[in-house]
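Comments concern the structure below.
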Amino acid sequence: MSLWSRIANVFRPNRMNREIDDELESHIEEAIEAGRTPEEARRAFGAMLRHREASRDAKLVTWLDSLRADSIFGWRQIRKHKITSAAAILSLALAMGACTAAFRLIDALLLRPLPIAHPDRLGMAAARYIEALFYQVQPTDLPIPFYPPLAILAAAFLAALPGVLHAVRIDPVTMLRTD
């Protein structure tokens, strides 16, 4: 049997079941014509269900038939339990969105290189600038273009630490200690 006819049989199960039943009945009729009684012919033929299932598996693509049956069952359950299905679909959508957002954030911050010339020197420059804030020295080894972004970075760093702004008085304009 060709692949295309096996695929077509998945989508027309009633016709295929009729053909299998007719074929099995024809085998029993042949045994009756050969001189057996109907009961003896059915007993000699064996379990009809086993032969029907074997013929059915030979006449269709079983994984595609299983997928079709599961899809129909799932659609029936969604239509039967609308509120539960809506809650499940909504929670799955929110979870996928949260995972996507978290991945995008991690990808942008940690996995991809920063779009600057020497990203490995940026951490060293930030550490020196924050150190300069606490000891009130000018970080002379840093080039001038680093100061404004590092001032914002230092302010964010100090704001993130609880109690630091109260323990050390820092001028927000110059970002230096004012003790």
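Charge tally around Val10: other residues with Cβ under 11 Å, Lys/Arg +1 each, Asp/Glu -1 each, net +4.
Computed on the Cα trace of the stretch 3-69, the radius of gyration divided by the Kirkwood hydrodynamic radius gives Rg/Rh = 1.09. Taking 7 Å steps out from each Cα toward its Cβ at Ala95 and Phe11 produces label points 3.3 nm apart.
Maximal additional length on extending the Ala88-Arg50 stretch stands at 9.8 nm, based on 0.36 nm per residue less the C-alpha distance.
Rounded to the nearest 0.05, what FRET efficiency do Ser26 and Ser66 give with R0 = 45 Å and r taken as the Cβ-Cβ distance? Could you check? Efficiency, from the Cβ-Cβ distance: 0.95.
Where a number appears in this text, it was derived from the coordinates with a stated rule and is not lab data. As the structure is a prediction and not an experimental result, all values here were calculated from the model. Glycine gets a Cβ as well: all are built from the backbone with ideal geometry, and neighbour counts include every protein chain shown.
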